[in-house]
Structures are given as structure tokens and as C-alpha cells.
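Values quoted throughout were computed directly from the atomic coordinates according to the rules given, and no laboratory measurement underlies them. All figures in this text were calculated on a predicted structure; none of them were measured in a lab. Here Cβ is always computed from backbone atoms with ideal geometry, including for glycine, and neighbour counts include all displayed protein chains.
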Protein chains: 6
Amino acid sequence: DRLTHLDDTGAATMVDVGDKAVTDRTAVAEGRVVMRPETLALIVAGDVPKGDVIATARIAGIMAAKRTHELIPLCHPLAITKVKVDIAADAALPGLVVTATVRVPGRTGVEMEALTAASIACLTIYDMAKAVEKGMRIEGIRLLAKAGGKSGDWSAAD
Amino acid sequence: DRLTHLDDTGAATMVDVGDKAVTDRTAVAEGRVVMRPETLALIVAGDVPKGDVIATARIAGIMAAKRTHELIPLCHPLAITKVKVDIAADAALPGLVVTATVRVPGRTGVEMEALTAASIACLTIYDMAKAVEKGMRIEGIRLLAKAGGKSGDWSAAD
Amino acid sequence: DRLTHLDDTGAATMVDVGDKAVTDRTAVAEGRVVMRPETLALIVAGDVPKGDVIATARIAGIMAAKRTHELIPLCHPLAITKVKVDIAADAALPGLVVTATVRVPGRTGVEMEALTAASIACLTIYDMAKAVEKGMRIEGIRLLAKAGGKSGDWSAAD
Amino acid sequence: DRLTHLDDTGAATMVDVGDKAVTDRTAVAEGRVVMRPETLALIVAGDVPKGDVIATARIAGIMAAKRTHELIPLCHPLAITKVKVDIAADAALPGLVVTATVRVPGRTGVEMEALTAASIACLTIYDMAKAVEKGMRIEGIRLLAKAGGKSGDWSAAD
Amino acid sequence: DRLTHLDDTGAATMVDVGDKAVTDRTAVAEGRVVMRPETLALIVAGDVPKGDVIATARIAGIMAAKRTHELIPLCHPLAITKVKVDIAADAALPGLVVTATVRVPGRTGVEMEALTAASIACLTIYDMAKAVEKGMRIEGIRLLAKAGGKSGDWSAAD
Amino acid sequence: DRLTHLDDTGAATMVDVGDKAVTDRTAVAEGRVVMRPETLALIVAGDVPKGDVIATARIAGIMAAKRTHELIPLCHPLAITKVKVDIAADAALPGLVVTATVRVPGRTGVEMEALTAASIACLTIYDMAKAVEKGMRIEGIRLLAKAGGKSGDWSAAD
């Protein structure tokens with residue numbers, strides 16, 4: 001095991017993927033915004049029209065996926081062909097669960113794009129509701145699954 | 001309580017802060033990357049030169065703070081005067097703890113800037129170590145404290 | 001009358017606003033997307049949930065206002081304090097009317113920010129509905145009013 | 001007919017183009033800046049060197065085409081291989097007519113890139129001449145033609 | 001003497017300028033593109049219309065100044081109020097000399113903005129002429145003068 | 001010989017590379033930051049931990065390579081597959097030598113990406129050390145070699 005983003009001298013470097021094959025790759029990532037039930041109620045079923053907080057966060061996540069390589073220093077720019085951001089209320093959390101799916105026919109995977117989309121969607125939810133609850137927490141940003149590429153398919157254990 | 005980022009019809013809107021006073025504002029946010037002890041060891045004390053993963057994540061967090069308003073749809077652009085990103089190993093986690101501090105003399109707070117810096121630093125750590133552990137999780141992205149502005153000071157309960 | 005963005009030799013230059021006073025400035029701009037009545041119906045009252053096309057265009061307009069200085073070569077970066085994008089259906093057009101309002105306490109006006117917000121919101125509407133009507137046209141991108149600054153207030157004639 | 005950028009639940013989504021074939025695609029879009037004859041004269045034939053307003057607008061349009069996916073939320077990032085922006089005076093308008101042509105070998109079309117290039121070029125002209133005429137209007141932003149892709153060729157009716 | 005961008009532990013950090021006074025600051029930087037006389041002739045006096053290479057490089061330099069804080073990791077975002085890029089032919093070099101002037105009323109200087117404007121203008125000249133001479137070199141990117149701020153005025157020795 | 005970035009009328013245009021073949025292309029560029037020996041000592045061997053100035057400049061260069069098409073008006077967006085930035089001390093200069101290598105399987109070369117990476121890395125070094133020496137100069141930004149494409153391989157003469 002070694003950290004592939006560091007070269008032999010330990011310097012950070014963008015991994016050379018120029019010799020990898022172009023294959024169909026997908027990644028799914030998740031994140032959760034944990035909040036008080038009252039905050040969740042205000043977002044989901046309150047007297048504000050249902051949807052605009054969620055619609056805004058969804059758009060923010062989609063747009064962020066496209067800018068992943070500008071944010072994460074060693075990520076490659078990729079012509080991603082699909083980004084989907086789903087946001088669902090979870091009364092047991094209580095809070096909102098964000099799931100982001102990204103696809104690309106490319107030489108490297110889109111794990112970071114899916115994770116970035118989920119993270120920025122969660123941050124947008126925080127931003128839009130922070131006036132009523134500053135103590136919200138973003139938990140469980142993680143990769144759920146990836147497919148394609150030489151290292152093959154992978155799913156989170158749980 | 002209402003969601004200030006939605007107007008009377010529920011449409012998303014950037015809150016008008018033009019009549020707020022310019023005051024000195026700071027915000028501190030935190031995030032944690034939870035990983036296997038072996039992965040932490042590889043980053044912190046392994047045969048790779050200590051620091052480059054952490055140096056890269058720190059830079060990514062600082063740069064992301066400056067782009068918060070491009071990522072979070074309703075955030076105001078701010079001429080932030082300080083961003084500091086600290087990254088410390090926590091053997092008990094096990095993993096890395098990221099703390100981001102942002103300051104501005106402005107009409108609105110920098111909570112989102114601090115949270116964005118912490119999030120992108122965590123994502124960068126994930127990116128640089130994902131070749132050895134895809135199952136890392138980013139947990140506990142949250143505001144630790146804020147100071148300044150009309151709503152005054154605030155600290156996380158724990 | 002002269003073009004203030006060209007210097008004495010005719011070269012493009014960013015006007016020096018460093019000696020102007022910081023005053024409260026606002027600008028309101030408008031744009032219209034003209035479409036077939038069936039397309040308008042599909043967006044506004046069809047079996048698609050009302051609002052998401054409009055919610056997406058509104059967010060796109062707000063975000064674009066913040067990036068005006070990156071797009072328009074000689075515009076100054078400004079810490080805008082408010083962006084509001086309203087989108088209304090107009091059956092007589094038929095189509096959608098976008099109105100963007102931007103405010104800043106600054107040394108120069110926000111006309112271009114308002115015009116850019118309106119333009120990008122219109123383009124987003126086009127993008128989301130172009131699968132059903134490629135022939136839509138964007139008309140009447142114009143400044144409705146501005147206030148503040150040495151040149152004072154101004155309103156469109158009609 | 002349906003709005004392809006909304007999924008079954010009405011949520012905005014980036015259309016998955018991953019299964020589409022890579023074909024040669026082009027799009028041509030147009031926009032017009034309507035102004036007083038004196039303003040047009042100042043830009044085109046006055047004592048300012050001919051060309052710098054037009055040169056600046058042309059560059060702004062070309063650069064904007066490359067950033068379309070950052071501005072229009074559901075547009076795909078594309079490695080466009082050509083952008084051409086032509087700007088011609090039209091004494092009968094009176095004003096300037098902007099024509100933008102974009103090409104890509106890709107899985108999706110470049111209509112939005114051409115429309116964005118035309119729009120930003122028009123806005124840049126407005127910016128550079130607004131000191132002499134705030135009442136200029138941008139009219140007729142529209143697609144003139146597209147070629148390539150499964151939906152085939154298309155031209156504007158007139 | 002110490003490197004102010006490193007904290008006590010040697011970690012990179014954005015210097016906190018929040019307690020500095022807002023003063024009028026300017027910076028002037030220079031860069032030179034050295035080329036063969038034939039290449040210079042082609043740019044300046046050849047059968048291509050004089051000006052478009054230079055007009056394009058000037059616009060690129062102005063736009064880059066506004067994005068300095070996105071490119072240089074520890075630079076502060078600044079609401080710069082003026083950018084001027086002058087480009088002159090120098091037959092003795094032979095080549096083109098770029099001079100960039102930036103101004104801001106701010107808490108920190110604009111040296112990096114001026115240097116970035118000069119650098120990107122030089123790179124743009126290289127890009128536009130590289131088809132005829134790949135061996136051009138960019139020399140002498142340096143600060144000529146700065147004014148304002150606690151450290152006071154400074155000029156290059158020669 | 002002609003300037004390929006200007007069309008027949010002398011207007012700036014992005015060269016149409018749509019008909020070029022996709023080939024493996026690399027480019028190597030260099031830049032040098034010339035400074036006093038004391039400044040070099042402070043960066044390389046002083047009591048600040050070795051590496052953070054260099055680590056920051058390396059990251060800045062890598063990130064800038066990915067944004068070349070946003071900075072250089074007529075550059076094509078490219079899905080680059082590798083960026084490597086090496087920074088070495090040169091006591092004889094005295095100063096630091098930056099070498100940037102970029103690779104892409106594409107229709108056009110990556111000379112500008114390598115030159116931009118080298119330039120921004122040099123500017124970052126200047127930024128981080130300018131508190132101790134404002135008179136540093138960036139010299140010798142140039143292409144060392146390119147490979148691939150119809151025009152074939154090329155190396156600098158010396």
C-alpha cells in the first residue's frame with residue numbers, strides 16, 4: 001500500500017492516468033445533515049413551499065460535481081456525463097439524506113465528484129437553515145459504491 | 001423561526017445584508033476524516049515524507065474558503081482577511097481532525113466559509129488516501145463557534 | 001460622450017473607480033424568454049411539478065450575478081449584498097419574464113450584475129425547455145432602473 | 001413532449017448522456033445589441049480606434065463559451081474544439097449583431113455554449129458603451145442552427 | 001526576517017490582515033516576451049491587423065488580475081478598483097514589454113495582482129504567436145513599484 | 001508563417017482542432033525565481049520546516065494547469081491526464097527552478113498548460129517570500145520540449 005498521489009520523493013503529484021483505458025465508470029456517495037425535528041419540519045412540511053431548500057441544494061450539488069477538479073488539488077478534469085443528486089427526509093435521523101451519483105466514460109473514477117456533490121449539497125442545506133439552527137451537523141460523507149476501472153467494483157460494507 | 005433564504009413566496013433569495021453594519025466577524029468549523037489506523041500511520045508517520053498530504057489538504061481548504069460564494073448559491077461574496085486550516089492526527093478516532101478559522105470585517109458572517117474550508121480539506125485527505133482505503137468517512141462537519149454580527153457570539157454545546 | 005472603457009489610445013482598460021465614493025447602489029434588469037404557449041404550459045402548469053425549472057433558473061441567475069466580473073472583462077469585482085431574481089409567467093408574451101435586482105454599497109454600479117443575472121436565468125430556462133422547443137428566443141435584456149452613484153438615478157423610458 | 005432536465009419526480013437532473021454516441025456537433029447562435037445610431041457610430045467609426053470594443057466583446061464571448069457548464073446548472077462540461085464569435089455593425093438595426101459558432105466531437109450538443117457566447121459578447125458591448133447610452137437593449141438571443149447528434153440538424157425558421 | 005505565509009509550525013497560512021488599516025494601494029509590475037525580430041514584426045506591423053494579439057493579451061491580463069486570489073493560494077480576495085495593462089513593442093529586445101498597474105483601497109497590497117496580470121498577458125502573447133516561434137521566452141517578471149500600506153513605498157533598484 | 005489565432009480579417013479566434021487526430025501529447029516547461037542567497041536559504045534550509053513553500057507552489061502550479069483555458073483566451077479546454085511540477089533549489093542562480101510536465105491524449109498540445117503551471121508556481125514562490133525580498137525576479141519561462149501532434153516533437157535549442 002502506498003499513497004498514489006505522492007511521488008517517490010513524497011511530493012504531491014497528479015497521478016498519470018494517460019495509459020489507462022477509457023471505461024464506463026460510476027460512483028455513488030452519501031451525506032447526512034442532522035438537525036432538530038423542528039428544523040426538518042420547517043424545511044419539509046412547514047409553511048414554506050416544499051422543495052425550494054431541497055431544489056437549491058440539489059442544484060448546488062450538481063454544479064459542484066462539475067467543479068471538483070478545481071477544488072480537490074490532484075483530481076483530473078473529467079467530462080462527466082451524468083450527475084444526479086437525491087435528497088430525502090429521514091425522520092429517524094432526524095434530518096436530510098443526500099445521495100449523489102456521477103458517471104463518466106473516462107480514464108479515472110468519479111468518486112471525488114460524487115463525494116463533492118454530496119458535501120456541497122449538505123453545506124447548502126446548512127446554509128439555508130442555519131438561521132434557525134446553527135448546531136446542525138453534517139455526518140457520514142462516504143462512498144457507497146463505485147463501478148468500472150481496473151480496480152473494479154466496490155461497495156461500502158454496511 | 002423562518003428560513004431567511006426564502007422570500008414570502010418561498011423562492012430562494014440572497015438575504016439583503018446591505019443595511020447591516022460592518023463588524024469584525026470570525027467563525028471556526030471542524031471536520032473529521034475517520035480511517036483505519038494503518039491509513040493514518042501511512043499519512044502521518046510512514047515512509048512517505050511527513051506533511052505533504054496534510055500540506056495539500058491545508059492549501060485546498062484555504063483556497064476553497066475563498067470560493068465559498070461560488071459553491072453555496074445564496075452566500076455573499078466576502079473579502080475575507082484570514083483563513084487558517086489546522087490538521088491534527090487523532091489516534092483515538094482514528095483519523096485526522098481539521099479545524100478552519102475564517103475572519104472578515106463584513107456585513108455577514110463567515111460560517112459557511114469555515115465549513116467549506118473544513119469540508120474541502122477533508123475531501124482532499126480522502127482523495128489522497130483513497131487508493132489505500134475507500135471506506136474512509138467524513139464525520140462531524142460542524143460549526144464550533146462564531147463571533148461578531150447582530151446575532152452575537154455562539155459556541156457549539158459540547 | 002466617450003467610451004470610458006477605452007483609454008486615450010483606444011486600448012481597453014478597467015475604469016479607475018478608486019476615487020469614487022462608496023454609496024448605496026441598486027440596479028434592476030429584465031429579460032424575457034418567448035416560447036410557444038404549449039411550452040409555457042408545460043413549464044408552469046403541466047404535469048411536471050411547478051417550480052423546478054423556475055427554481056433552477058432563479059438559482060442560476062443569482063449565482064451568475066456573483067461571477068459577473070469573471071465574465072465581463074472590464075467589470076470590477078464587487079461584494080454585492082443582495083441579489084433577487086423573480087420569474088413570472090406572461091401568457092400574453094407568451095413566455096417567462098425575468099427581473100433581477102442587485103444591490104451593493106460600492107464605488108461603482110451593479111447594472112452589469114443585474115443584466116448578467118437576468119441573461120443567465122433566461123439561458124437556463126432555454127436549456128431546460130429546449131428539448132421541446134429549440135426556437136425559443138430571449139428578448140428585451142435591458143436595464144430597467146439604477147439608483148446611487150454620481151450619475152444618479154435612471155429609469156428606462158417605457 | 002417532456003422536459004428532459006426533470007426526472008420522474010420533477011427534480012432537476014443532468015441528463016445522462018453516457019450512452020450517446022460521440023459525434024461531430026456544431027451550433028450557431030445569434031444576438032443583437034440595439035442602440036442609437038450615435039452610439040453605433042462611436043463604437044464603429046468614431047475617433048476611438050476601430051475594433052477594441054468589438055475585440056473585447058469577441059474575447060469575452062469566446063471565454064464564456066468555455067465556462068457554459070459552470071453557469072448553466074444542468075449543462076455538461078465539454079471539451080469544445082472551436083469557438084468563433086463574429087460581430088458586425090448593422091446600420092438598419094441600428095446596432096451590432098453577434099454570431100457565435102461552437103463545435104465539439106461529443107455526446108451532447110453545444111447549443112448552450114453558442115447561446116452563452118453570444119449573450120456574454122452582447123453584455124460586454126453593453127458594458128463598454130453604457131456610459132453613453134444606458135437604454136441599449138439586447139434582443140433576439142436565439143439558436144440559428146445546430147448539426148449532429150441523434151436529433152439531427154435543425155435551423156431556425158426565418 | 002521570516003516568511004509571513006508560514007505560521008510558527010511552518011504550515012502555510014493566509015496572513016491575517018484584519019487589523020490592518022484600509023489605505024490606497026497601488027502596484028506596478030512588468031514582464032517581457034523575447035522573440036525573433038520576424039515574430040515581432042508579424043505581431044506589430046505585419047499584414048495582420050495591428051492590435052488584436054495585443055488587445056487579446058491586454059484583456060487576458062486584466063481578467064487574470066481579478067482572479068489572482070483563485071490562483072495564488074495565500075492571496076486575499078480584493079475588490080480591486082483599477083487594472084491597466086500596457087503592451088509596447090521593443091525592437092531592441094526584440095519583443096513586447098507588458099506593464100500592469102493595479103489599485104485597491106484595501107488592507108493588503110496588490111503586488112500579486114499586478115504580477116499575475118503581467119504574467120498572463122505574456123503567456124497569452126506566447127500562445128498567439130507560438131505557431132511561428134516556439135522558442136520565445138518570458139523574462140523579467142518583476143515588481144517595479146508599490147505604494148501604500150504600512151511597509152510604505154518601494155521601487156525596483158534599476 | 002502566420003498567426004493561427006487570427007482569422008482572415010485579423011480577428012482573434014479559437015483554432016478549430018475538431019479535425020485533428022487524438023494523439024498522446026506531452027509538454028515540459030520551465031521557469032526560474034531568482035532571489036538573494038539569504039532568501040533561498042530561508043526557503044530551503046532555514047528554521048522553517050523544509051518544504052511548505054515548495055509544497056504550496058507545487059500545488060498552485062498543478063491547480064493552475066487545470067485552469068489554463070480559463071486564463072488564456074484562445075486555449076481549448078482539455079482533459080489533461082497528468083501534471084507534475086518539480087521545484088529544485090539552484091545555489092548558483094541563486095533561486096528555485098520550476099519544471100512542469102503535462103500530458104493529454106488530445107487534439108491539441110499542452111504547451112500552454114505546462115507554461116501556466118510553471119508561471120503560477122513561480123508567482124506563488126514570489127508571494128510566499130516577498131515579505132523578505134520584494135526584488136525577486138521570475139526569469140526564463142519557456143518551453144523545454146513537446147511531443148505528439150502533427151507538428152511532431154520539439155526541444156529547446158539549449
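Annotations
- Entry note, the protein assembly as shown: the mean residue ellipticity at 222 nm calculated from DSSP H runs of n ≥ 4, each adding -39500 (n - 2.57), is -9000 deg cm²/dmol after division by the residues and rounding to the nearest 500.
- For the stretch F:81-158: relative contact order, % (alpha-carbon pairs under 8 angstrom, 6 or more apart): 21 percent
- Förster radius 45 Å - calculated FRET efficiency between D:W154 and D:E38, Cβ distance, rounded to 0.05: 0.75
- Label 7 Å beyond Cα on the Cβ vector: A:T23 copy-to-copy distances, nm: 2.9, 2.9, 5.6, 6.1, 6.5
- Gyration tensor (alpha-carbon) shape descriptor, the stretch F:89-150, a/c threshold 1.5: prolate
- Spin-label pair E:T9-F:T9: with each label point 7 Å from Cα along the Cα-Cβ axis, the two points sit 6.0 nm from one another.
- Mean Cα-pair separation over length for chain C, i.e. relative contact order, pairs under 8 Å, 6 or more apart, %: 36 percent
- Compared with the dominant Cα axis of chain C, that is its longest principal axis, helix C:52-66 is turned about 10°.
- Interchain or long-range residues, amide H under 5 Å from A:R137's placed H: A:V34
- The stretch B:26-37 - phi-based ³J(HN,Hα) in whole Hz, Karplus 6.51/-1.76/1.60, Gly and Pro as x: 9, 8, 10, 10, 9, x, 10, 10, 8, 8, 6, x
- Cβ crowding within 10 Å averaged over residues, with E:137-147, A:32-42, D:74-84 ranked highest first: D:74-84, E:137-147, A:32-42
- Partner shielding of D:121-134 amounts to 6, given as the average count of beta-carbon atoms from other chains within 10 Å of each residue beta-carbon.
- Listed cross-link partners D:K82/D:K146; B:K130/F:K82; C:K84/C:K134; A:K82/C:K130; C:K150/E:K146; B:K84/C:K84 are compared with a 21 Å cut-off, the Cα-Cα value being larger for C:K84/C:K134; C:K150/E:K146; B:K84/C:K84.
- Cα convex hull, chain F: 125 Å³ per residue, rounded to a whole number.
- Cut-off under 5 Å, modelled amide H: who pairs with E:L144 long-range: E:V28, E:A29, E:E30
- Shortest first, F:T4 label-point distances to identical copies amount to 3.3, 3.3, 4.2, 4.5, 5.5 nm, with the label point at 7 Å from Cα along Cα→Cβ.
- Shielding of A:140-148 by partner chains, average beta-carbon count, 10 Å: 4
- Computed 3J(HN,Hα) for the stretch E:87-94, one whole-Hz value per residue from the Karplus formula 6.51 cos²θ - 1.76 cosθ + 1.60 where θ = phi - 60°, is 10, 10, 6, 9, 5, 6, 4, x, glycine and proline marked x.
- Relative to the other identical copies, F:A91 shows label-point distances of 3.9, 4.6, 7.4, 7.4, 8.5 nm, where the label point lies 7 Å from Cα along the Cβ direction and values run shortest first.
- Whole-Hz Karplus values for the stretch D:133-146 come out as 7, 6, x, 4, 10, 9, 10, x, 6, 7, 7, 8, 6, 9 Hz, taken residue by residue from phi with 6.51 cos²θ - 1.76 cosθ + 1.60 and θ = phi - 60°; glycine and proline positions read x.
- Long-range Cα-Cα pairs in the protein assembly as shown (distance over 47 Å), rounded percent: 17 percent
- Peptide A:95-108, shielding by other chains (average Cβ, 10 Å cutoff): 2
- Rounded to the nearest 10 degrees, the angle from helix A:111-129 to the longest Cα principal axis of chain A is 20 degrees.
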